[in-house]
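The values are calculated or read from the model by the stated rules, or taken from the named source; none is laboratory data. Computed from a predicted structure; not experimentally measured. Please note: Cβ atoms are built from the backbone with ideal geometry, for glycine as well, and neighbour counts cover all protein chains shown. SASA here: full protein model, heavy atoms, side chains in, ligands and nucleic acids out. Shrake-Rupley method; radii C 1.70, N 1.55, O 1.52, S 1.80 Å.
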Amino acid sequence: MRTASCGGQVLNLDTLVRLGREAQTPGPAVPGGTRKLSVPDGMTAPMGCDAVAVPADFGPLVIPRLPRVGCVYADAAHWWWLVPSDSDYALDWPAPAQYTAGALVADVPRLIHRPDGTLPYTPPIPLYLALCRLTGTTPSWSRPVSA
């Protein structure tokens, strides 16, 4: 992986992608009507937050398949899981799941699950695998490579 040094800091491609996304991520309220899911009081998100949305009827099917459930938000149509920023790196999240950089949502759903501790994250790989299993999708790293 290529890295560069800038003022004593080492920058790599992952850092540059994250910084680019942060520059494009608006604050809590955006004129277009989207809002950023908030991290509950007393919790910290040291790796930033993105969200994975699924139709509401998938939500109860995903929960028991996860070793740890982070913050989950819901409304009548969707459930959202908070994951660390850049959890879409090298992953094709299976439809009908939608990956949202910056955890931006159109409406303000309610928090339906808050984990113990201070981190709001659901581990992204188990979430990805649970969604692949539910949708009958082969994980991206298991698909044949074509030339």
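Take the residues in the stretch 48-68 that are more than 15 Å from the chain's Cα centre (by Cα) and in a loop (DSSP other than H, G, I, E, B); name whichever of them is farthest from Arg133 (Cα to Cα).
Of everything passing the filter in the stretch 48-68, Ala56 is farthest from Arg133 (Cα to Cα).
Take the stretch 39-68 and flag every residue that is crowded, with 20+ Cβ neighbours inside 10 Å, touching a residue at least 60 places away in the same chain (Cβ under 8 Å) and within 18 Å of Ala95 (Cα to Cα).
Result: Val52, Val54, Val62.
Being open to solvent by less than 70 Å² (accessible area, probe 1.4 Å) and either under 14 Å from the mean Cα position of the chain (by Cα) or within 13 Å of Val52 (Cα to Cα) (or both) is the filter here; which residues of the stretch 90-118 pass it?
If the condition is that a residue be open to solvent by less than 70 Å² (accessible area, probe 1.4 Å) and either under 14 Å from the mean Cα position of the chain (by Cα) or within 13 Å of Val52 (Cα to Cα) (or both), then Leu91, Trp93, Pro94, Pro96, Ala97, Tyr99, Thr100, Ala101, Gly102, Ala103, Leu104, Val105 are the ones that fit.
What is the one condition in (1) modelled with pLDDT of 90 or more; (2) touching a Ser or Thr at 6+ places or on another chain (Cβ under 8 Å); (3) within 22 Å of Arg110 (Cα to Cα) that Pro28 does not satisfy?
(1)
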